[in-house]
Amino acid sequence: MNPVPDKNAAHKAKMQQQQAAVAERVKAAQEKRGTLIVITGNGKGKSTSGFGTVVRALGYDLKTAVVQYVKGTWPCGERDLLQKLGVPFHVMGTGFTWDTQDRDKDIAAAQEAWAASKVFLADPEIHVLLLDELTYMLSYEYLDLEEVLTALANRPVEQTVVITGRDAHPRLIELADTVSEVQPVKHAFDAGIKARKGVDW
Ligand code: ATP
Ligand code: MG
């Protein structure tokens with residue numbers, strides 16, 4: 001007896017079943033609006049996911065904007081590319097808080113980045129807005145939680161916002177439509193491998 005045809009037939013039946021289940025779910029999803037996406041957790045891939053979504057929208061000539069919280073003084077390949085493409089890009093230029101060690105200066109820079117974010121959050125032309133590393137502004141209480149949640153909730157209906165960063169606030173998770181937690185199974189850095197240009201930044 002040849003077991004291969006049986007295996008093929010079983011695979012085909014399983015795929016047909018899966019196809020029907022997916023088609024059913026696609027049919028059920030009828031609401032058309034932008035979403036709030038939160039990419040959190042300790043693993044690598046949060047900012048790259050956010051920038052990937054921005055690039056996806058740009059591929060269809062849709063308008064995008066980026067506000068980069070925390071890491072403004074660091075080099076960033078995506079920033080250089082998107083600025084060349086004319087994407088509005090606000091950078092909170094103070095660097096990490098453990099480098100600046102100046103809370104008042106950090107708060108002022110966070111407020112400035114938030115003011116830029118609010119302008120984007122009120123612009124119905126913007127299809128995708130990336131608020132990279134915003135989560136830390138809420139955990140350090142540099143920004144007012146209620147104000148941030150209200151502005152996110154009242155954004156234009158077609159606008160998608162991607163927020164990245166570790167330790168997303170539970171209220172942010174509650175408000176979001178899509179939340180992914182990136183888990184570090186392994187990271188090259190832990191094995192002593194240096195972060196690489198064009199890969200890690
Ligand atoms: P990426 O920008 O690569 O998508 P990320 O946004 O998920 O990373 P951040 O916490 O913003 O992660 O990390 C900033 C830098 O630290 C990036 O260079 C990233 O590659 C690196 N990094 C991310 N996760 C880890 C980890 N678990 N251990 C060590 N380095 C990490
Ligand atoms: Mg990041």
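Points to keep in mind about this one:
- Antiparallel %, DSSP beta bridges [both residues in the chain], to 5: 0
- Residues 90, 127, ordered by accessible area of protein heavy atoms at a 1.4 angstrom probe radius and largest first, appear as 127, 90.
- Max mean-square fluctuation residue, GNM over the chain, Cα-Cα springs under 10 Å, options 134, 58, 85: 85
- Set 7/46; 84/197; 27/84 screened for pairs whose C-alpha atoms are more than 29 Å apart: 7/46; 27/84
- Candidates 65, 176, 108: whichever shows maximal mean-square fluctuation once the chain is modelled as a Gaussian network with Cα springs under 10 Å: 108
- Charged-residue dipole, Cβ positions (Lys, Arg, Asp, Glu), the chain about Cα centre, Debye nearest 20: 1060
- Of the whole protein surface, residue 139 contributes about 70 Å² of accessible area at a 1.4 Å probe radius.
- Annotation: amide H of residue 165 within the under-5 Å range of 39, 133, sequence separation 5 or more or interchain, hydrogens built in the peptide plane.
- With DNA, RNA and ligands ignored, accessible area of residue 189 (1.4 Å probe; Å², nearest 10): 140
- The alpha carbons of the chain occupy a box of 76, 45, 35 Å along the principal axes, longest dimension given first.
- A simple rule links phi to the HN-Hα coupling: the Karplus curve 6.51 cos²θ - 1.76 cosθ + 1.60 with θ = phi - 60°, which for segment 196-201 gives 10, 4, x, 10, 9, 8 Hz, with x for Gly and Pro.
- Of the solvent-accessible surface of the chain, computed with a 1.4 Å probe over protein heavy atoms with every protein chain present, carbon and sulfur atoms account for 54 percent.
- Only helical runs count toward this figure. For the chain, summing -39,500 (n - 2.57) over DSSP H runs of n ≥ 4 and dividing by all residues gives -13500 deg cm²/dmol at 222 nm.
- Taking amide H as placed 1.01 Å from N in the peptide plane, residue 159 has its amide H under 5 Å from the amide H of 34, each at least 5 places away in sequence or on another chain.
The values are calculated or read from the model by the stated rules, or taken from the named source; none is laboratory data. All values derive from a computational prediction rather than experimental measurement. Backbone-built Cβ (ideal geometry, glycine too); neighbour counts: all protein chains shown. To get the accessible areas, we keep the full protein, side chains included, count just its heavy atoms, and leave off ligands, DNA and RNA. Shrake-Rupley method; radii C 1.70, N 1.55, O 1.52, S 1.80 Å.
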